[in-house]
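No value in this document is a laboratory result; all are computed from the given coordinates. In this text, all values refer to a predicted model and were calculated from it rather than measured experimentally. All Cβ positions, even for glycine, are placed from backbone atoms using ideal geometry, and neighbour counts span all protein chains on display.
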Amino acid sequence: MPRVSIEVDGVKYDDDVEPRLLLAHYLRDRLGKVGTPIGCDTSNCGACTVLLDGMSVKSCSVLAVQADGQDVTTIEGLGDGQGLHPLQRAFHQEHALQCGYCTPGMIMAALDLLRENPDPSDEEVREGLEGNLCRCTGYQNIVRAVRRAAGDLSPKPAQQEATR
Amino acid sequence: MIPGSFDYVRPSSLDEAVSALRDAGDEGKVIAGGQSLLPLLRLRLAFPEVLIDVASVPELHGVRDEGSSLLVGAMTTHYDVLRDPLIREHAPLVAAATSTVADPAVRHRGTFGGSLAHADPAGDLPAVVLAMDGVFVTSSREIPAAEFFADYLTSTLEPDEVLVGVRLPKAFAGWGFHYEKFHRTAQAWAIVGVACLVDRSGGEVAGARIGLTNMGSTPVRASAVEAAVRGGAADREAFRAAAASAAEGTSPPSDLHGSSDYRRHLATVLTARALSAAAGV
Ligand SMILES: Cc1cc2nc3c(=O)[nH]c(=O)nc-3n(C[C@H](O)[C@H](O)[C@H](O)COP(=O)(O)OP(=O)(O)OC[C@H]3O[C@@H](n4cnc5c(N)ncnc54)[C@H](O)[C@@H]3O)c2cc1C
Ligand code: FES
Ligand code: FES
């Protein structure tokens, strides 16, 4: 069995894995990181989205062996256990979830979007999240939440003023 | 679902990759980004015994300027294609079509070479490379685009052949370009797509290239339309008239997204739109 060394949410893991083990199953079944759900068999829904070396991927469509030597960030790596990450807080405040099944993937995809584009328009948020399906919300509040988080994450003009 | 079991090797040179494929005989399969292959494995529609991961083969990486052409490495991800300055400058049609492929997460992993080797007639890039007369550079030979796509999900690559990259001529660098993709939902495969290049000299069309997505078991050139617009006026009326023959010689599939007749109709409408957009009229 191949041996992999993968850093997940800041902790390094060394494990023997079957080549057919999907990264999503490695995270959930081996590491107990069940914050990342699996929603489909066709790579369509995006529920399983995590960051691999900082970029969004669908963890059901990556083999654990392919992630050897790389860094994974899951939804569980965002908050510090006390406070919420600005994206998590914005999803809560804007009521951007109902059943919550799509939420971890939505937030990880949104994090990737904001890395590339810190101040996206509604249209850009929709494009950035086009690989993530939600069966409950109708997306309106998700778009609102991502834009609110963008505002919370970027330094305010007043703060910029203060640090000058 | 969980895929059936297989062995996994990750060669670090092209020679090693080819010998791993030879050793595996008919049971080996190359994996690049895995964005087409892993869903097939999960649905248990494919049962390879050995996966040969070409991600660490250096020969497959990067976009190189070869003077009169570009060599786009097979492992170049869709994400990298969209950011590559050489592709933007010399083959902007490739970037335009790539921006319509899948979604950001799939584009981070899916590769240029993988989406061509997969030979899905609904894929967006095969029609583009066909329209540009690209050349497929493999571990053992060079294959012109017109001879690469054999059938539905079937290329002319041999079981022990690795796609190294695709050579794209720079000849179309100054041409107008457009990829017109018709699909029903935000992120979806083309019901029909049209890859179009137009060389305008003043009010006339000096030349045009048109590749059609999902109009048969392989991508096809709309040769009748190319001939009809050549030397004619670069205006919408002329493009509409010429595009009437876009479906000539095609045999599009019927499926739950649309009937064969519907696709023929779409091809004429979308080809006219693509010509106008590419010519800027
Ligand atoms: C949700 C979703 C939506 C998608 N939407 C679109 C879309 O709208 N348009 C579109 O065009 N595509 C779409 N795709 C497919 C996507 O473009 C894939 O990236 C692409 O089809 C395959 O590239 P890959 O690198 O992932 O190849 P893989 O899945 O790794 O391989 C695909 C096939 O090519 C072979 N192969 C790969 N590389 C080589 C090589 N170097 N030499 C020889 N053989 C090789 C493999 O053996 C396999 O048979 C979508 C995929 C998903 C999951
Ligand atoms: S579970 Fe990964 S995309 Fe649906
Ligand atoms: S909140 Fe239920 S799927 Fe999105």
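What relative contact order, as a whole-number percentage, does region B:74-143 give when Cα pairs under 8 Å and 6 or more residues apart are counted? Mind dumping the intermediate values first?
Working: 70 pairs, mean separation 23.1, N = 70.
Reported as a whole number, the value is 33 percent.
When chain B is described by a simple charge dipole with +1 on each Lys and Arg Cβ and -1 on each Asp and Glu Cβ, the residue from B:Ala150, B:Gln35, B:Pro48 located farthest towards its positive end is B:Gln35.
Taking Cα pairs under 8 Å and at least six residues apart, what relative contact order does chain B come out at, in percent?
Working: 651 pairs, mean separation 43.3, N = 281.
In percent, rounded to a whole number, it is 15.
Note on chain A: helix-only mean residue ellipticity at 222 nm, from DSSP H runs of 4+ residues weighted -39500 (n - 2.57) and normalised by residue number, equals -9000 deg cm²/dmol. Straight Cα distances below 17 angstrom link B:Lys170 to the aspartates and glutamates B:Asp65, B:Glu66, B:Asp84, B:Glu89, B:Asp133, B:Asp199, with same-chain residues fewer than 8 positions distant left out.
The mean number of Cβ atoms from other chains found within 10 Å of a Cβ in peptide A:120-128 is 1, as a whole number.
Here each label is just a point 7 Å from Cα along the line to Cβ, and for B:Leu256 and A:Asp41 those points are 1.4 nm apart. Note on B:Asp235 and A:Val11: with the Förster distance fixed at 60 Å, the Cβ-Cβ geometry gives a FRET efficiency of about 0.40. Using C-alpha pairs under 8 Å with a sequence gap of at least 6, the mean separation divided by the residue count of region B:1-123 gives a relative contact order of 25 percent. Sorting A:Ile38, B:Ile2 by the number of Cβ atoms found within 10 Å of their own Cβ, with the fewest placed first, yields B:Ile2, A:Ile38.
Restricted to Cα atoms, the protein assembly as shown shows a radius of gyration and a Dmax of 23.0, 70 angstrom. Entry for region B:204-281 at q = 0.13, 0.19 Å⁻¹: log10 I(q)/I(0) = -0.36, -0.71, Debye formula applied to identical alpha-carbon scatterers, no solvent contribution. Between 0 and 90 degrees, the angle of helix B:14-24 with respect to the longest Cα principal axis of chain B falls at about 70 degrees. Which FRET efficiency value, to the nearest 0.05, do you get for B:Asp23 and B:Ile2 by plugging their Cβ-Cβ distance into 1/(1 + (r/R0)^6) with R0 = 25 Å? The pair B:Asp23/B:Ile2 has a calculated efficiency of 0.45.
P(r) tail for region A:86-155: Cα pairs beyond 15 Å make up 41% of the total. Here's how it looks for B:Ser155: its modeled amide H is under 5 Å from those of B:Ala150, which are all 5 or more places away or on a different chain. Evaluating 6.51 cos²θ - 1.76 cosθ + 1.60 at θ = phi - 60° for every residue in region B:274-280, the Karplus couplings come out as 5, 4, 4, 5, 5, 7, x Hz, glycine and proline recorded as x. Per residue, chain B reaches -8500 deg cm²/dmol at 222 nm when only DSSP H runs of four or more residues are counted, each adding -39500 (n - 2.57). Where the only charges are on Cβ atoms (+1 Lys, Arg; -1 Asp, Glu), what is the dipole of the protein assembly as shown about its Cα centre, to the nearest 20 debye? Dipole magnitude for the protein assembly as shown comes out near 1300 debye.
Distances between every pair of Cα atoms in region B:58-171, grouped in 10 Å steps from 0 to the bin holding the largest one, split as 15, 53, 30, 2 percent. Measuring from a point 7 Å past the Cα of A:Arg135 along Cα-to-C-beta, which residues in region A:34-49 have an amide N at less than 17 Å? Within reach of a label on A:Arg135, which here means backbone N under 17 Å from a point 7 Å along Cα→Cβ, region A:34-49 contributes A:37-49.
As a calculated quantity, the FRET efficiency between B:Leu86 and A:Asp53 at R0 = 22 Å, using C-beta atoms, amounts to about 0.40. With viscosity set to 0.692 mPa s at 37 °C, what whole-number translational diffusion coefficient in µm²/s follows for region A:3-77 from Stokes-Einstein and a Kirkwood radius over Cα pairs? Value of D from the Cα-based Kirkwood radius: 275 µm²/s.
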